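Asks: Below is the structure I would like to discuss, written out as structure tokens.
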Amino acid sequence: CLLYFQVHISTVGHDEMRVTWITEDDAPAVVEYGMTSGQYPFSATGTTTSYSYLALYRSGNIHDAVVGPLKPSTTYYYRCSSDPSREFSFRTPPASLPFTFVVVGDLGQTGWTKSTLQHIAAADYDMLLLPGDLSYADFLQPRWDSYGRLVEPLASARPWMVTEGNHEIERIPLLEPRAFKAYNARWRVPYDAGDSPSGSNLYYSFDVAGGMVHVVMLGSYAGFEAGTAQHEWLRGDLARIDRGRTPFVVALVHAPWYNSNKAHQGEGDDMRDAMEALLRAARVDAVFAGHVHAYERFTRVYGGMEDQCGPVYVTIGDGGNREGLADEYIDPQPKTSVFREASFGHGRLQVVNATHALWTWHRNDDDQPVVADQVWITSLASNPDCNN
Ligand SMILES: *[C@@H]1O[C@H](CO)[C@@H](O)[C@H](O)[C@H]1NC(C)=O
Ligand SMILES: [Fe+2]
């Protein structure tokens, strides 16, 4: 019997999708798919891996297969390992604007998480971006499995693009010396696809909407100083962007570079010092972080000061972790901090056209359509003051 599936999908290049799933038995790493329910004229074969942890835990067979080429904005029906009992479907992202991202960090698997997932599911979106801290398994590996089952209804239907948080590290000196063992095995990202492969599962980038939006997924827990592989890769990645063709560039990172919450104060500062200038030089439009279990939105900032050519910084680490909210703030509120509140919720970034994107924050305490905070983000590529 195929005991657990935990299906999730992630975008690969501009017209492919990676399907990842887990079976208890030896089962083929085959995804069969097509555009009509119950009919699977296409198939793709991938690879299978597994891992053990602390001698006590052995994962199921973790399969992944890349399907495509796929048409944009199209619903595909699929099944995994030829199991006829469960049919899944996903919709491919659009190849042009508008494009809607859900952004949510520090998701966990609590009652708060369930509420967040319900709110996310209550309105359509094209892709979910998760800036780290997924399962809060915290060394107890079966929690990765329960997390996989919890997010499956959403993560099997829309691409979920993640980067790592500190809760993914799970390294135990001497006993489990390899960091990110479970995360890397279960949440493989497209680090080897596209024009700018990073070679590391801990940071990567990709384009959506036919190249209208470039998304940079940074790694707070990989080397980031000048001279490191990540720093070199980021420099090349940003240099390759043609802002005439890519009006929006956003970045995600786990530990926030700007934060006026007392929780995790200063933890992102070293990375900010190492990389902030690169992002400003590339006119990155917005940076989304997690780690702090609250919501905060900053104005455009650079070097700690308001700067009309710097990114908008948002902390969206309020997905539903098991540690509770971070509700103590530094007073007075810095001038650069526009809105801050410790409530669970999620954010949405609707890139509506080549100049305008609408960012909204949705609290779990409200019905999904209620917007607790919002701001129009205009592309820095279209701001002449930033491009002379
Ligand atoms: C882009 O969207 C904004 C917000 O809806 C609108 O004001 C603007 O006119 C649009 N630009 C174009 C070129 O359609
Ligand atoms: Fe964290």
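The values are calculated or read from the model by the stated rules, or taken from the named source; none is laboratory data. Not measured: the values here are computed from a predicted model. All Cβ positions, glycine included, derive from the backbone under ideal geometry; neighbour counts span all protein chains shown.
Asks: Please enumerate the residues belonging to the stretch 31-45 that are surrounded by fewer than 17 Cβ atoms within 10 Å (Cβ to Cβ) and closer than 23 Å to ALA185 by Cβ.
Replies: THR45
Yes/no matrix, rows are residues, columns are (1) touching a Leu at 6+ places or on another chain (Cβ under 8 Å); (2) in a loop (DSSP other than H, G, I, E, B):
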{"site": "ALA95", "(1), (2)": "no, yes"}
{"site": "THR113", "(1), (2)": "yes, no"}
{"site": "THR116", "(1), (2)": "yes, no"}
{"site": "ILE120", "(1), (2)": "yes, no"}
{"site": "TYR125", "(1), (2)": "no, yes"}
{"site": "GLU152", "(1), (2)": "no, no"}
{"site": "GLU170", "(1), (2)": "no, yes"}
{"site": "ARG188", "(1), (2)": "no, yes"}
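Asks: Is there a residue in the stretch 278-289 that is closer than 21 Å to GLY108 by Cα, within 18 Å of the chain's Cα centre (by Cα) and not in a helix (DSSP H, G or I)?
Replies: yes
Asks: If you go through the stretch 102-130 one residue at a time, how many are closer than 12 Å to GLY347 by Cα, of a type outside the set (A, V, I, L, M, F, W, C) and in contact with a Gly (Cβ under 6 Å, 6 or more places away or on another chain)?
Replies: Number satisfying all stated conditions: 2.
Asks: Limited to the stretch 178-237, what total is found for residues that are among the hydroxyl-bearing types (Ser, Thr, Tyr), surrounded by fewer than 21 Cβ atoms within 10 Å (Cβ to Cβ), without any contact (Cβ under 8 Å) to a residue 40 or more places away in the chain and in contact with a Phe, Trp or Tyr (Cβ under 9 Å, 6 or more places away or on another chain)?
Replies: 2
Asks: Being among the acidic types (Asp, Glu), surrounded by 19 or more Cβ atoms within 10 Å (Cβ to Cβ) and at negative phi narrows it down to one residue among ASP133, ASP145; which is it? Spell out how you get there, then give the answer.
Replies: Working: ASP133 fails: at negative phi.
Of ASP133, ASP145, the one residue that is among the acidic types (Asp, Glu), surrounded by 19 or more Cβ atoms within 10 Å (Cβ to Cβ) and at negative phi is ASP145.
Asks: Residues that are over 20 Å from the mean Cα position of the chain (by Cα): which strands (runs of 3 or more DSSP E) entirely in the stretch 293-374 hold 3 or more of them?
Replies: Working: elements: 295-302, 312-316, 337-341, 345-351, 356-363.
Passing ranges, in order: 295-302, 337-341.
Asks: On to the next question. I'm trying to understand the selection: among the residues of the stretch 84-99, which are surrounded by fewer than 20 Cβ atoms within 10 Å (Cβ to Cβ) and within 19 Å of VAL151 (Cβ to Cβ)?
Replies: ARG86, GLU87, SER89, ARG91
Asks: Something else now. Only one of ASP307, ASP365 is in the same structural domain as ILE120 (by TED's automatic domain parsing), away from ligand 2 (no atom under 16 Å from the Cβ) and within 30 Å of GLU168 (Cα to Cα). Can you tell me which?
Replies: That would be ASP365, the only listed residue that is in the same structural domain as ILE120 (by TED's automatic domain parsing), away from ligand 2 (no atom under 16 Å from the Cβ) and within 30 Å of GLU168 (Cα to Cα).
Asks: Still on this structure, I have one more. State which residue is farthest from VAL208 (Cα to Cα) when the search covers only the stretch 60-110 and only residues that are of a type outside the set (Val, Ile, Thr) and within 16 Å of ligand 2 (Cβ to nearest atom).
Replies: Residue satisfying both the conditions and the ranking: GLN109.
Asks: Would you be able to say whether some residue in the stretch 336-353 is within 16 Å of ligand 2 (Cβ to nearest atom), over 19 Å from ALA251 (Cα atoms) and either in contact with a Phe, Trp or Tyr (Cβ under 8 Å, 6 or more places away or on another chain) or among the hydroxyl-bearing types (Ser, Thr, Tyr) (or both)?
Replies: There is at least one residue in the stretch 336-353 that is within 16 Å of ligand 2 (Cβ to nearest atom), over 19 Å from ALA251 (Cα atoms) and either in contact with a Phe, Trp or Tyr (Cβ under 8 Å, 6 or more places away or on another chain) or among the hydroxyl-bearing types (Ser, Thr, Tyr) (or both).
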